[in-house]
């Protein structure tokens, strides 16, 4: 094993809204693990909810805790079994949050993001940056199941958005978008904009984007047709834009009660609605329309297997993640970075930290 420092700097969450830069022991990899030097980590939209205590006892299970799950870096040490699989110091990698147990029915059928042993670290399950320590730190340990090699043409900053891209791609795939389909995306944040790009990447014929302000305007850069919900009723606007038919597939990346309902209302008979993100309020969906029009409704839980599909899309330029990076800070500047991200200062989309 490479000589490693005994301690490292990390942003440590010690309670609700109590996060600070601390010196903590540098983790060591287990047999199936990889230890990486974090070169870039992005603030995810879920991170503020974790910091603010929106999921008590789940994310995190307990304090102290290191958040952060969208990252890229360099391998510095590998466990004995990981080495047998070809992992080596110097590998450039991007991380994702889920590591399934590998043995339950969900894992053996490829749906490791729905592992039946969720939360059982003793059985091999981890969700990094959620209840297992994450990447707001100089070093991070991940199972070799949760890291993916990235080519030199993808920068570490871009690599930190591989996980986000993979969730957007998984959302599009869950919606079974077909060549020529009309796709509506609700929410022009980073996930929504990436969903727009991924819809184009799999052959969508039209992509409409619902939102407001500067974020909606950003959608024009990705050739989306823009629908401003502050200017008129978005459902009426979407139905008019589609000749009264509705979208073939609607992807809700806003996760508000309004957008979750509107996504159903603006989708055609027999169409598909995909929900990406965790709603924080009760939602009463229009069940008569869903049943009588035989609509398909899909939830999205992170991603399964789409990181390795996303990396070539990013490397080829078919999905442009660099244009989403609006701010870069050092780890020591986390309070400012957090403020910029949560308050959307200066058009913030993806905010990157450099440990």
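Volume of the convex hull of region 168-300 (Cα atoms only), normalised per residue: 92 Å³.
Each pair of Cα atoms in the chain enters the Kirkwood radius, and Stokes-Einstein at 4 °C and 1.567 mPa s then converts it into a translational diffusion coefficient of 62 µm²/s. For the options 230, 46, 259, a Gaussian network treatment of the chain with springs between C-alpha atoms closer than 10 Å singles out 230 as fluctuating the most. Of the three principal axes defined by the Cα atoms of region 1-109, the extents in descending order read 41, 40, 21 Å. In this structure, residue 240 and residue 178 have a Cβ-Cβ separation that, at R0 = 22 Å, corresponds to a calculated FRET efficiency of about 0.45.
Under 14 Å from a label point set 7 Å out along the Cα-to-Cβ vector of residue 225, the amide N atoms of region 184-198 belong to 184-185. Give the separation of the Cα centroids, region 33-71 to region 287-331, in Å. A separation of 19 Å, based on Cα centres.
Applying 0.36 nm per residue to the separation of residue 294 and residue 80 and subtracting their alpha-carbon distance, the gain on full extension is 71.9 nm. When the chain is treated as a Gaussian network with alpha carbon springs shorter than 10 Å, the biggest mean-square fluctuation among 104, 198, 44 belongs to 104. Exposure proxy shown here: for 287, 114, 295, the number of other Cβ atoms within 10 Å sets the order, fewest to most, as 287, 114, 295.
At full extension, residue 103 and residue 49 could sit 16.4 nm farther apart than now, given 0.36 nm per residue minus the alpha carbon distance.
Taking the fewest neighbouring Cβ atoms within 10 Å as the starting point, the ordered list for 340, 319 is 340, 319.
Relative to the current alpha-carbon distance between residue 287 and residue 301, full extension at 0.36 nm per residue lengthens the span by 2.8 nm. Computed over every Cα-Cα pair of region 47-124 and binned at 10 Å starting from 0, the pair-distance distribution P(r) comes out as 16, 32, 41, 11, 0 percent. Label sites at residue 256 and residue 123, each approximated as a point 7 angstrom past Cα along Cα to Cβ, lie 3.9 nm apart. With the convex hull of its Cα atoms as the shape, region 284-355 has an orientation-averaged projected area of 8.4 nm².
The angle between the Cα long axis of helix 334-343 and the longest principal axis of the Cα atoms of the chain comes to about 10 degrees, rounded to the nearest 10. Estimated from the Cβ-Cβ distance and a Förster radius of 35 angstrom, the FRET efficiency linking residue 16 and residue 111 is about 0.65. For region 36-92, the ratio of Cα radius of gyration to the globular rule of thumb 2.2 N^0.38 Å stands at 1.47. As a rough footprinting exposure proxy, the listed residues 323, 250, 166 were ranked by other beta carbons within 10 Å of their own, and the order from fewest upward is 323, 166, 250. Entry note, the chain: the mean residue ellipticity at 222 nm calculated from DSSP H runs of n ≥ 4, each adding -39500 (n - 2.57), is -7000 deg cm²/dmol after division by the residues and rounding to the nearest 500. Classify region 160-238 as rounded, prolate or oblate from the Cα gyration tensor: take a ≥ b ≥ c as the square roots of its eigenvalues, call it rounded if a/c is under 1.5, otherwise prolate when a/b beats b/c and oblate if not. Note, shape of region 160-238 comes out oblate.
Where a number appears in this text, it was derived from the coordinates with a stated rule and is not lab data. What you are looking at is a predicted structure, and each value in this text was computed from that prediction instead of being measured. Note: ideal-geometry Cβ built from the backbone for every residue, glycine included; neighbour counts use all protein chains shown.
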